[in-house]
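Below you'll find the structure, written out as structure tokens, and then a few comments.
The values are calculated or read from the model by the stated rules, or taken from the named source; none is laboratory data. Just so it is clear, the structure is predicted and the values come from calculations on it, not from any experiment. Cβ coordinates were reconstructed from backbone atoms using ideal geometry, including for glycine residues, and neighbour counts include every protein chain displayed. All accessible areas refer to the heavy atoms of the entire protein, side chains included, with ligands and DNA or RNA removed. Shrake-Rupley method; radii C 1.70, N 1.55, O 1.52, S 1.80 Å.
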Amino acid sequence: MDASSEGVPAEAPGEDDGQVVKAEPDWAHRIKEYRQGDVVRVVSIPLKVQPGVVEWVATPHGAALITQTCDVVLSDRLTAHLAPVLQLTPAEAKANRNGRRPHLVHLPELGDCYFADLTYVATVSKSVIAAAERKPGVESIDAVRKFGQRIGRRFSRFAFPDEVVPWIRPLQALVESKVSKEASPIGWALSKVASLRLECAGEWEVAPYPLTLCVVLEPGVLPPFPPDEIPSCSERTNTWLYGPNGSALIRKHSEIAKCLHDGERVSLDAADRYWLWGALADSWAAMCVPPENSTVETLEAVEGGALSSEILSTDDFSFERYRHSEEIDLDHLSSPLPV
């Protein structure tokens, strides 16, 4: 495939005033049909590996058009951006359709297992794109919006301070190992989580950082209690969680998740379900500790030496809190999947 653009459009005199105007390139009318999320049939895209050396990344499943539609259709923008399409295994696909790895963006019109891999993004002439066969990778309004949002997130997500990353790595490892295993209690619990977000009250200005793990749950998971009317946990569940005389959590996250999972079948009391979700969030926050041999800067990076936690429904997580928190994803842990 030749990824070079066509020559500069020819100039022609205007009909009315004799001024010179630029004629549209011959691909201009065809490109107006293309949309962000379309998959075009190309055999490879270019990857510059060193000065003057270009390799070609094979795209046996085609390449996804990731440029915004409003820029794609303009004939005075001569290039657009393509990313290769990957076919994942069903287990890998299930774990990644929720966007936990920002470099993988689902293309639902191709099937459950097809994703745009944003690890490789090539700038390609629109003449090449318009000449290639296309098919939609996303089609419904909701899918189109989600695709665009996830493309944007890949390039705009926040980089946690280096000394904070080791604190959240244990939770990332747990999510990576369990998110696709919904038959397990932890996998089931993670399927109810819309987002895991790290909130810093100090705006990340200076360490130690006051950090809160926000576990944002899908609608309907938490009982709809008003914030000032949350009932107390039952004595039985409270004792099971914290012991007869203690305030420290004595149950592991796997035990709490199993209790919640089993409670789905036995109609667990609404108040207990609320407090169990809170305890699960506490247990995940408690996992967030760096290795003992970490640098002093890392060991002292979090205020109080521990993360706090909070559970919320998507209905209750305000835009203001969204603005001041960052999503915890898996890309810190995993190298890109092979093409």
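Brief remarks on what is shown
- Per-region count, the range 263-288, residues assigned to a loop (DSSP other than H, G, I, E, B) and at pLDDT 95 or above: 1
- Considering residues of the range 12-28 that are charged (D, E, K, R) and surrounded by 10 or more Cβ atoms within 10 Å (Cβ to Cβ) only, the residue modelled with the highest pLDDT: D26
- The range 294-319, residues that are part of a loop (DSSP other than H, G, I, E, B), open to solvent by 80 Å² or more (accessible area, probe 1.4 Å) and either modelled with pLDDT under 95 or basic (K, R) (or both): D315, D316
- Some residue of the range 281-288 being under 22 Å from P170 (Cα atoms) and among the hydroxyl-bearing types (S, T, Y): yes
- Filter result for A183 (without any contact (Cβ under 8 Å) to a residue 12 or more places away in the chain, part of a loop (DSSP other than H, G, I, E, B), surrounded by fewer than 20 Cβ atoms within 10 Å (Cβ to Cβ) and within 19 Å of the chain's Cα centre (by Cα)): no
- Selected residue [free of Cβ contacts under 8 Å to residues at least 40 places away in the same chain, of a type in the set (A, V, I, L, M, F, W, C) and not in a loop (DSSP other than H, G, I, E, B)] from W188, W167, W240: W240
- Filter result for the condition that a residue is in a strand (DSSP E or B) and of a type outside the set (A, V, I, L, M), over F147, F115, F158: F115
- Condition check for R134: more than 14 Å from the chain's Cα centre (by Cα) and open to solvent by 10 Å² or more (accessible area, probe 1.4 Å): yes
- Meets criteria (out of contact with any Phe, Trp or Tyr (no Cβ under 6 Å at 6 or more places or on another chain) and open to solvent by 10 Å² or more (accessible area, probe 1.4 Å)) for D117: no
- Single residue of the range 81-119 satisfying the filter (in contact with a strand residue (DSSP E or B) (Cβ under 6 Å, 6 or more places away or on another chain) and β-branched (V, I, T)) that is modelled with the lowest pLDDT: V105
- Scan of the range 29-56 for residues that are crowded, with 18+ Cβ neighbours inside 10 Å, part of a strand (DSSP E or B) and in contact with a Ser or Thr (Cβ under 7 Å, 6 or more places away or on another chain), ordered by number: I45
- Test result for A91, of a type outside the set (K, R) and in contact with a Lys or Arg (Cβ under 6 Å, 6 or more places away or on another chain): no
- Where P227 falls short, out of the listed (1) at pLDDT 90 or above; (2) open to solvent by 40 Å² or more (accessible area, probe 1.4 Å): (1)
- When residues of the range 320-331 are limited to those that are under 21 Å from E203 (Cα atoms) and surrounded by 13 or more Cβ atoms within 10 Å (Cβ to Cβ), the one modelled with the lowest pLDDT: D329
- For D76, the conditions (1) within 18 Å of R150 (Cβ to Cβ); (2) loosely packed, with under 14 Cβ neighbours inside 10 Å all hold with the exception of (1).
- Criterion: open to solvent by less than 50 Å² (accessible area, probe 1.4 Å) and charged (D, E, K, R) - qualifying residue of E176, E199: E199
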